[in-house]
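Visitor: Below: one structure in structure tokens.
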Amino acid sequence: MAKILRSKYNSTGERCVDACLNYGELRYVNEDGSPISIEIPCDKYEEAASDFEDRIREGITQSAIEPKEILKRGSLTYAQAKNLANEGRIKGLDFFEIDGSVECDHILGISGSVEYALSVWNGESKNESLVKALVRAIKVYGEEFINGLDLDNTVDLTSYTRFAKNLYTTGSIVDINLYKVKNYHIDNEIHIDGLDLKEKSIKNIDLPLGIAGAFLGFIIVQICTNYGEIINNRIISVLLNSIVMIAFGLIVIKSSRYLTDKYVKNNTQIIMEMFNEELEKASYDNLLTEKEACIILKNITKGEVSRLLLDMKGSVNKKVSSSNIVTKETKFILDARRIVILPSEYEIKESLNRLVEAYQDKLSNEYNVNNI
């Protein structure tokens, strides 16, 4: 597979630039001397571009170089790429301890390769995953991605490069939802089961309070009817007493349960916020897919949360305890990720061909509709 593109993820913008240069000269160039595009972490892009420009001004490297034409902003942070590389679940995505760099020896680059793996882990087909990977790679490298493929002479290169250029600049010419980090939250409706005795006792007085409410309703009816003397019909008197007693009993029971739920929620809100913060962090750092996040949320059951709340009463390590539970469940999911073999050059070309053809058909249909 032709590889005229590079991925160099480093811990700082300065190190990203160092990876691009060799004694002030570009380390990676094509046969014609033109610079090779290099993907770097999205969170180090501005720092790297600024450092590169500083070196040009100081005469440390060539003045003819345009940093933003060489450096391509990836879709991942350095930490995200490092975490995935350390997992070892994507063949070709490697972390090098000697300099802390993350590299991917594949034409899709780090962003495209990770997009492919995330789609696979989310349960999508190989073809769906490959299309998403291609779109992501083109969004990073633009039409230079097309130049990096060894396409046949029979291929209309113009249509390919036009497709890549439009996708790179507009980003909205295909209806494909790429991976996006989402915030997932634990169900905030916590049952009282498993909480302390005080809260259990509140739950257990619902029925006695209901009976007391019914009795209060009976007293009110008796007072309002002068102990039944106002109503001469006994049947109507019995019905009135029954209806009022039932109504007052239900009102008191529902009010008691509402106040109990508010009490429990107020006492657990801080802890639930800690859980949600940990989940958000785990989702972002490990790029959890929707399928994986749903499994984690299911595994962190209400019973488990309730037991934790009981154990953490008065504890100063509530955040540590919630972090441990989320970390444990996240590790279980990460260990279960299948090893992903990145697609071959042939598969990439075939998928790209179908993608470009679909785009051309879409343009043709829109043109015909506009000219009817």
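The values are calculated or read from the model by the stated rules, or taken from the named source; none is laboratory data. Computed from a predicted model, the values in this text were never measured in an experiment. When we count neighbours, we look across all protein chains shown, and the Cβ atoms used for this are built from the backbone with ideal geometry, even at glycine.
Visitor: I need the full set of residues from the range 120-136 which are more than 20 Å from V356 (Cβ to Cβ) and assigned to a helix (DSSP H, G or I), in order please.
Guide: Matches in the range 120-136: V120, W121.
Visitor: When S119 is evaluated against the numbered criteria (1) touching a strand residue (DSSP E or B) at 6+ places or on another chain (Cβ under 9 Å); (2) surrounded by 16 or more Cβ atoms within 10 Å (Cβ to Cβ), which criterion, by number, is the only one it fails?
Guide: In the conditions (1) touching a strand residue (DSSP E or B) at 6+ places or on another chain (Cβ under 9 Å); (2) surrounded by 16 or more Cβ atoms within 10 Å (Cβ to Cβ), S119 misses (1) alone.
Visitor: Could you say which residue among D43, D99, D105, D32 is among the acidic types (D, E), over 21 Å from the mean Cα position of the chain (by Cα) and more than 27 Å from E345 (Cβ to Cβ)?
Guide: Unique residue meeting the criteria: D99.
Visitor: Considering only residues that are in contact with a Pro (Cβ under 9 Å, 6 or more places away or on another chain) and not hydroxyl-bearing (S, T, Y), look in the range 14-42 and name the one that is surrounded by the most Cβ atoms within 10 Å (Cβ to Cβ).
Guide: Applying the filter and picking the extreme gives V17.
Visitor: Report the residue count in the range 32-89 for those that are among the hydrophobic types (A, V, I, L, M, F, W, C) and free of Cβ contacts under 8 Å to residues at least 24 places away in the same chain.
Guide: 3
Visitor: Are any of the residues in the range 45-52 crowded, with 22+ Cβ neighbours inside 10 Å, in the same structural domain as L149 (by TED's automatic domain parsing) and under 21 Å from S11 (Cβ atoms)?
Guide: yes
Visitor: Taking interchain pairs and intrachain pairs at least six residues apart, which have beta carbon atoms under 9 angstrom, with the first residue in the range 260-277 and modelled with pLDDT of 70 or more and the second surrounded by 18 or more Cβ atoms within 10 Å (Cβ to Cβ) and of a type in the set (S, T, Y)?
Guide: Listed pairs, sorted by first residue: I271/S322; M272/S322; M274/S322; F275/S322; E277/S322.
Visitor: Any residue in the range 57-68 that is surrounded by 14 or more Cβ atoms within 10 Å (Cβ to Cβ), in a helix (DSSP H, G or I) and among the aliphatic types (A, V, I, L, M)?
Guide: No: zero hits.
Visitor: Which residue out of D18, D32, D54 is part of a loop (DSSP other than H, G, I, E, B) and over 29 Å from L288 (Cβ atoms)?
Guide: One residue alone meets the criteria, D32.
Visitor: For the range 153-163, does any single residue satisfy the condition of being at pLDDT below 85, crowded, with 16+ Cβ neighbours inside 10 Å and in a loop (DSSP other than H, G, I, E, B)?
Guide: There is no residue in the range 153-163 that is at pLDDT below 85, crowded, with 16+ Cβ neighbours inside 10 Å and in a loop (DSSP other than H, G, I, E, B).
Visitor: Another one. Among the numbered criteria (1) within 35 Å of the chain's Cα centre (by Cα); (2) in contact (Cβ under 8 Å) with a residue 12 or more places away in the chain; (3) surrounded by fewer than 22 Cβ atoms within 10 Å (Cβ to Cβ), which single criterion is violated by L5?
Guide: Among (1) within 35 Å of the chain's Cα centre (by Cα); (2) in contact (Cβ under 8 Å) with a residue 12 or more places away in the chain; (3) surrounded by fewer than 22 Cβ atoms within 10 Å (Cβ to Cβ), L5 violates only (3).
Visitor: With respect to D150, determine if the residue is surrounded by fewer than 19 Cβ atoms within 10 Å (Cβ to Cβ), more than 18 Å from S34 (Cα to Cα) and not aromatic (F, W, Y).
Guide: Here the answer is no, as D150 does not meet what is asked.
Visitor: Still on this model: Suppose the filter is buried (at least 20 other Cβ atoms within 10 Å of the Cβ) and free of Cβ contacts under 8 Å to residues at least 40 places away in the same chain; does A137 pass it?
Guide: yes
Visitor: A follow-up question, please. Could you tell me whether any residue of the range 346-364 is under 29 Å from the mean Cα position of the chain (by Cα), at pLDDT 85 or above and assigned to a strand (DSSP E or B)?
Guide: No, the range 346-364 contains no residue that is under 29 Å from the mean Cα position of the chain (by Cα), at pLDDT 85 or above and assigned to a strand (DSSP E or B).
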